[in-house]
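**Q** Okay, handing you the structure first.
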Amino acid sequence: MSALRLAIAGAGGRMGRALLEAGSAGAGTTVTAALDMAGSSLVGRDAGELAAGAKGVAIGADPAAALAVADVLIDFTRPAG
């Protein structure tokens, strides 16, 4: 059985970072996409800077692109985001 591929929205926040770490820590899940708000200084950077297990995943701002490489989107953003 393959690992469940996760996209984490709100990756730059406190809980988003915790989700990046948790999602990449287990054998049953892997983080394949990380999202932050358009215009954020994190967009384009490696999610591994926020959580070591998410290394190699570029932080983006396009939910559609994230869903193209993930099975599940976990949205941990504020309403303004």
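**Q** Among the residues of region 1-44, write down those that are surrounded by 20 or more Cβ atoms within 10 Å (Cβ to Cβ), β-branched (Val, Ile, Thr) and more than 12 Å from Asp75 (Cα to Cα).
**A** Val31, Thr32
**Q** Of the numbered conditions (1) touching a residue at least 40 places away in the same chain (Cβ under 8 Å); (2) of a type outside the set (Ser, Thr, Tyr); (3) surrounded by 14 or more Cβ atoms within 10 Å (Cβ to Cβ); (4) within 18 Å of Ser2 (Cα to Cα), Val69 fails exactly one; give the number of that condition.
**A** (3)
**Q** Conditions first: (1) more than 12 Å from Ala7 (Cβ to Cβ); (2) open to solvent by 50 Å² or more (accessible area, probe 1.4 Å); (3) of a type outside the set (Val, Ile, Thr); (4) touching a residue at least 24 places away in the same chain (Cβ under 8 Å). Asp62 passes all but one, so which condition is the exception?
**A** (1)
**Q** Quick test of your reading of the structure: Asp36 fulfils all but one of (1) touching a strand residue (DSSP E or B) at 6+ places or on another chain (Cβ under 6 Å); (2) within 20 Å of Leu4 (Cβ to Cβ). Name the failing condition by number.
**A** (2)
**Q** Within region 1-51, count every residue that is in contact with an Asp or Glu (Cβ under 8 Å, 6 or more places away or on another chain) and of a type in the set (A, V, I, L, M).
**A** 8
The values are calculated or read from the model by the stated rules, or taken from the named source; none is laboratory data. Just so it is clear, the model here is predicted, and its values are computed rather than measured. We place every Cβ from the backbone using ideal geometry, glycine too, and count neighbours over all the protein chains shown. Areas reflect the complete protein model, heavy atoms only, side chains present, ligands, DNA and RNA absent. Shrake-Rupley method; radii C 1.70, N 1.55, O 1.52, S 1.80 Å.
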